[in-house]
């Protein structure tokens, strides 16, 4: 029999552990998560061999060095449940088991992510987690999972907030810090209720490999997604991010200019940077885009502020993002598919809008081009450049010390 004194000690110990775990989960995703997800390139063609090779590549091609860390297996890794309801990985595709695969990823200094769905089935009609949330969460934790992408197919009319809260609580109950990605497609405005439940939430339906124009039901282009996420900036911050979906950089359809724009705008929006290409076989231009550490630094800025549109001139836009130490990222976006933007920007005339800490009347700012990787002048003179069709010019402004 437990004495009253010992019982109180146990309760105190449990309370301390709960508080400590709550504090540890609160610090997850302090900056937008960075990694790789299998879906955009491979769909259901996942395997133990592929995922190990991707982990190897992330280390060897310098992606790990610049901040990518999560290797996430999307749908189709699971085939059923056993008599006790335990989820069963496909033994043909993952012969060593999921835990062994997670151990391999961890041995590379990376983190391991997996996929499930709030519905009775996943989007590819594999077993979903509805009714098995706590059981599945315990399995994921025992496998060493660090990230869960949780989809919304076959949801059977559930209340979205309640469904995601259930899995969020299941993950917390495991005692393992697991980043929780709410993949609800923005249907029920998760930005209004997702903070404290998940660490990131999809703001739109799925991205497709297109720069402009929507291709099929449920598929949105890069520019369409930017427009839908643009006004959600107030909901983003450390530990709770708006997620415009994974990157299509390196998947052939987007040209080099469009890919730079895609990557730059995701960074301006403080978006999770989840590569979706075959990183084992990247050409040099693709690798240079995905590993541009100066653009990544804008995305990963500690303030966690999502960039905003400052000005719209027809098909020309200016975006601003406040950074730590009084610095500012500015992006000139040319949405015109046919004509270059011959920019002649008078810094003092147009200013920096809503960035309250920036004063162009009192301070001169150094202007650094984040794609040329060099300082190109300062704000005492006009910025004169030509931006190609569907291209960008992305700068970082730093006050010059007198």
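The values are calculated or read from the model by the stated rules, or taken from the named source; none is laboratory data. Keep in mind that what you see is a predicted model, and the values were worked out from it rather than measured. We place every Cβ from the backbone using ideal geometry, glycine too, and count neighbours over all the protein chains shown.
Yes or no: region 327-335 includes at least one residue that is more than 22 Å from the chain's Cα centre (by Cα), exposed (fewer than 15 other Cβ atoms within 10 Å of the Cβ) and not assigned by TED's automatic domain parsing to the domain that holds residue 256.
The answer is no, given that none of the residues of region 327-335 is more than 22 Å from the chain's Cα centre (by Cα), exposed (fewer than 15 other Cβ atoms within 10 Å of the Cβ) and not assigned by TED's automatic domain parsing to the domain that holds residue 256.
Over 19 Å from residue 324 (Cβ atoms) and either out of contact with any strand residue (DSSP E or B) (no Cβ under 8 Å at 6 or more places or on another chain) or in contact (Cβ under 8 Å) with a residue 60 or more places away in the chain (or both) - does that describe any residue in region 349-356?
There is at least one residue in region 349-356 that is over 19 Å from residue 324 (Cβ atoms) and either out of contact with any strand residue (DSSP E or B) (no Cβ under 8 Å at 6 or more places or on another chain) or in contact (Cβ under 8 Å) with a residue 60 or more places away in the chain (or both).
Mind telling me which of the residues 146, 151, 136 ends up being surrounded by 19 or more Cβ atoms within 10 Å (Cβ to Cβ) and more than 22 Å from the chain's Cα centre (by Cα)? Walk me through it before giving the result.
On the way: 146 fails: more than 22 Å from the chain's Cα centre (by Cα); 151 fails: more than 22 Å from the chain's Cα centre (by Cα).
Selected residue: 136, the only one of 146, 151, 136 that is surrounded by 19 or more Cβ atoms within 10 Å (Cβ to Cβ) and more than 22 Å from the chain's Cα centre (by Cα).
Between 96, 107, which is under 23 Å from residue 63 (Cβ atoms), surrounded by fewer than 20 Cβ atoms within 10 Å (Cβ to Cβ), assigned by TED's automatic domain parsing to the domain that holds residue 65 and at pLDDT 95 or above?
Unique residue meeting the criteria: 107.
Can you spot a residue in region 342-354 that is within 23 Å of residue 269 (Cα to Cα), at pLDDT below 95, in contact with a helix residue (DSSP H, G or I) (Cβ under 7 Å, 6 or more places away or on another chain) and in a loop (DSSP other than H, G, I, E, B)?
no
Being at pLDDT 95 or above, touching a strand residue (DSSP E or B) at 6+ places or on another chain (Cβ under 9 Å), assigned to a loop (DSSP other than H, G, I, E, B) and within 20 Å of residue 398 (Cβ to Cβ) is the requirement here; does residue 319 meet it?
Judged against the criteria, residue 319 is not a match.
Tell me, please, whether a residue that is within 25 Å of residue 152 (Cβ to Cβ), without any contact (Cβ under 8 Å) to a residue 60 or more places away in the chain and under 20 Å from the mean Cα position of the chain (by Cα) can be found in region 83-95. Before the answer, list the steps.
The first filter runs over region 83-95 and keeps only residues within 25 Å of residue 152 (Cβ to Cβ), leaving 85-90, 93-94.
If we keep only those that are without any contact (Cβ under 8 Å) to a residue 60 or more places away in the chain as well, we get 85-90, 93-94.
Filter once more, keeping what is under 20 Å from the mean Cα position of the chain (by Cα): none.
Looking for residues that are within 25 Å of residue 152 (Cβ to Cβ), without any contact (Cβ under 8 Å) to a residue 60 or more places away in the chain and under 20 Å from the mean Cα position of the chain (by Cα), one finds none in region 83-95, hence no.
Scanning region 216-235 for residues that are part of a loop (DSSP other than H, G, I, E, B) and within 21 Å of residue 275 (Cα to Cα), which turns out modelled with the lowest pLDDT?
The qualifying residue modelled with the lowest pLDDT is 218.
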